Amino acid sequence: MRKVCLQKLHCDFKKLHVLESENVSEYFASVLAIFNQIKRYEKKMEETHVVENILRSLQKKFHYMMVIIKELQNMNVLSIQGLMGKLQAHEERVNEIQKDMGAQILFSI
């Protein structure tokens with residue numbers, strides 16, 4: 001039974017991806033829920049594996065951030081929380097730019 005649960009959780013973990021309607025916080029809540037369930041059964045799952053899975057599963061709007069993080073950050077020391085902070089900051093900047101562009105379009109009409 002334990003092995004079956006673990007296999008299902010690993011499968012769910014590999015299938016995770018950010019939905020268009022999901023923000024970074026919501027996605028990380030899903031990731032951490034599965035990660036914590038796996039950790040209950042299996043003590044050896046590394047944060048590095050989780051970080052790599054998160055980077056792999058990001059939306060297109062985060063792809064250049066993924067490349068920057070992979071190139072400039074030591075993946076062995078980047079924590080899940082550290083990655084979440086970087087992605088949330090990027091998401092906030094993107095949302096502000098979109099908001100400003102929307103306001104400029106309204107004022108130009």
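Between Ile80, Ile68, Ile54, the residue with the greatest mean-square fluctuation in the GNM of the chain (Cα pairs under 10 Å linked by springs) is Ile68.
Which residue, Ile97, Ile34, Ile69, has the most motion in a Gaussian network model of the chain that connects Cα atoms within less than 10 Å? Evaluated over the chain, the most mobile residue of the options is Ile97. Computed from phi, the 3J(HN,Hα) profile of the stretch 61-72 under the Karplus parametrisation 6.51, -1.76, 1.60 (θ = phi - 60°) reads 5, 9, 4, 5, 5, 4, 5, 4, 4, 5, 7, 9 Hz, with x in place of Gly and Pro. Every helix of 4 or more DSSP H residues in the chain counts as -39500 (n - 2.57), and over all residues that averages to -24500 deg cm²/dmol at 222 nm.
Largest mean-square fluctuation among Ser79, Ser21, Ser30, in a Gaussian network model of the chain whose springs join Cα atoms under 10 Å apart, belongs to Ser21. For the chain, the Cα gyration tensor yields ellipsoid semi-axes of 32, 16, 10 Å (square root of five times each eigenvalue, largest first, whole Å). The 3J(HN,Hα) values that the Karplus relation (6.51, -1.76, 1.60; θ = phi - 60°) gives for the stretch 16-22 are, in residue order, 4, 7, 6, 7, 4, 7, 9 Hz. Gly and Pro appear as x.
On a full-extension model of 0.36 nm per residue, what is the gain between Val67 and Lys44, subtracting their alpha-carbon distance, rounded to one decimal in nm? Walk me through the intermediate numbers first.
On the way: separation 23, 0.36 × 23 = 8.28 nm, distance 2.69 nm.
Additional length available on full extension: 5.6 nm.
Each value in this text was obtained by applying a stated rule to the coordinates, not by laboratory testing. Not measured: the values here are computed from a predicted model.
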